[in-house]
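The values are calculated or read from the model by the stated rules, or taken from the named source; none is laboratory data. All values derive from a computational prediction rather than experimental measurement. Here the Cβ is made from the backbone with ideal geometry for all residues, glycine too, and neighbour counts use every protein chain on show. Please note that ligands, DNA and RNA were not included when accessible areas were found on the heavy atoms of the full protein model with its side chains. Shrake-Rupley method; radii C 1.70, N 1.55, O 1.52, S 1.80 Å.
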There are 2 protein chains.
Amino acid sequence: MEYISQNVARNLKHIRKTRKMSLEDVAEQTGVSKSMLGQIERGESIPTVETLGKIVSGLRIPFTSLVNAANTDIIIVNKDELLPFKSMEGEYEFYEYFPYEESRTFEIYMMQIYPNRKNISGGHGENTFEYLTVITGTLTLEADGKIYEIKEGDSIRFPTHGDHIYANNTGEMVKFIITFTWN
Amino acid sequence: MEYISQNVARNLKHIRKTRKMSLEDVAEQTGVSKSMLGQIERGESIPTVETLGKIVSGLRIPFTSLVNAANTDIIIVNKDELLPFKSMEGEYEFYEYFPYEESRTFEIYMMQIYPNRKNISGGHGENTFEYLTVITGTLTLEADGKIYEIKEGDSIRFPTHGDHIYANNTGEMVKFIITFTWN
DNA sequence: TTGTTTTGTGCGTTATAATGTATATTTTTT
DNA sequence: AAAAAATATACATTATAACGCACAAAACAA
């Protein structure tokens, strides 16, 4: 799923419509072809930062007004359309549901680990924490030098300044949601 | 000349270096290939807004920190590398020196008009003005219902809420600088 | 309604973004 | 110094952004 270009699509169309401009008007004013503008609005193509620059410059709007989601927006993240951000065949998969965004102070991920596999994660800096809830299976977590067993439905908060290990020591898949935060 | 991607190039490299990360580290953290990252930093390719999104999200930095020029930067605009934003063969050419940017309250352009040609411009909204200085030749300007002759070296400020016409009624080329502002 | 104009979409082509692998370069270690 | 490791660039390939032109759809007028 393409987050940002969908924002651009919606925002651009909205701005154009409220200004009562045609695609051709915008093309005229920005130097971007009207077919390209149409494709962008329909989400059919992902503009380069340079074309985006032409648009914001020509329309005299801030960059962020195209790129950001209106904060009233409902955002639905469809797992099937979500490509694993990080994964290793038969080991683990890591999905970004709500990755870093300037306006938020936390991030939400989902991770699944195959039977008898584990994933080692480096520290994320001082004063960072994870809130982890297991959806299915049992997770063995090693953090801050200690080992915890988190069962289906259970949840844990732990600091992530140092290395931590997500291990699946069972025969079934384990899935869990991570809310990552800082400060 | 590609403004924004040069900003991205510089800013990304700077952030990466101050964090003492390798291209591979960044690739790892953002999901963008290290060759792509290298090309971006060297200004060899212009990323799509989506790859830019992966970078800012992975690095946990605001969009604007990549896109904007550090406001201490010296910016040199080389006319030969500047492609005319708007032009008509044998009629006129219009160059953007400092186009719209959120942090500025004015824009600077250069325009040249061929002998005995003119260019008609629509209004730019209420409380907009142009400060126009003629570099070579004599410009005949029609604005706000009146006609003015601006000679080489002379300058004029006029409102641009309505149509205005830049005319070259002479046998030689006319060139002038426009500073456009509002409010 | 029908013709006329305006506005948006579809499509073929070209330019180039994005990737993976191989090579070069730099830095570190011995 | 050379050898080893880490890091950055070059290159070939694929995927797709960007464009121009032709067509379709919608809005407007007669």
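Okay, here's what the table says:
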quantity	calculated
In the stretch B:1-23, the residues that are crowded, with 21+ Cβ neighbours inside 10 Å and farther than 20 Å from A:Pro47 by Cα	none
Checking B:Phe98 against (1) touching an Asp or Glu at 6+ places or on another chain (Cβ under 8 Å); (2) away from chain A (no Cβ under 14 Å); (3) modelled with pLDDT under 90, the condition it does not meet	(2)
Where B:Thr64 falls short, out of the listed (1) within 13 Å of chain A (Cβ to nearest Cβ); (2) at pLDDT 70 or above; (3) touching a strand residue (DSSP E or B) at 6+ places or on another chain (Cβ under 6 Å)	(3)
Residue within the stretch B:146-157 that is hydroxyl-bearing (Ser, Thr, Tyr), over 18 Å from B:Gly122 (Cα atoms) and over 25 Å from the mean Cα position of the chain (by Cα) present	no
Subset tally (residues that are open to solvent by 50 Å² or more (accessible area, probe 1.4 Å) and over 24 Å from B:Tyr95 (Cβ atoms)) for the stretch A:24-51	5
Residue check, B:Leu37 within 11 Å of another protein chain (Cβ to nearest Cβ) and near DNA strand C (Cβ under 10 Å from one of its atoms)	no
Single condition B:Lys54 does not satisfy, out of (1) within 13 Å of chain A (Cβ to nearest Cβ); (2) open to solvent by less than 80 Å² (accessible area, probe 1.4 Å); (3) at pLDDT 85 or above	(2)
Positions within the stretch A:149-174 being assigned to a strand (DSSP E or B) and open to solvent by less than 70 Å² (accessible area, probe 1.4 Å), in sequence order	A:Ile150, A:Ile156, A:Phe158, A:Pro159, A:His164, A:Ile165, A:Tyr166, A:Ala167, A:Val174
Within the stretch B:1-59, tally of residues that are more than 10 Å from DNA strand D (Cβ to nearest atom), within 25 Å of the chain's Cα centre (by Cα) and not in a helix (DSSP H, G or I)	3
Considering residues of the stretch A:101-144 that are among the aromatic types (Phe, Trp, Tyr) and in contact with an Asp or Glu (Cβ under 7 Å, 6 or more places away or on another chain) only, the residue modelled with the highest pLDDT	A:Tyr114
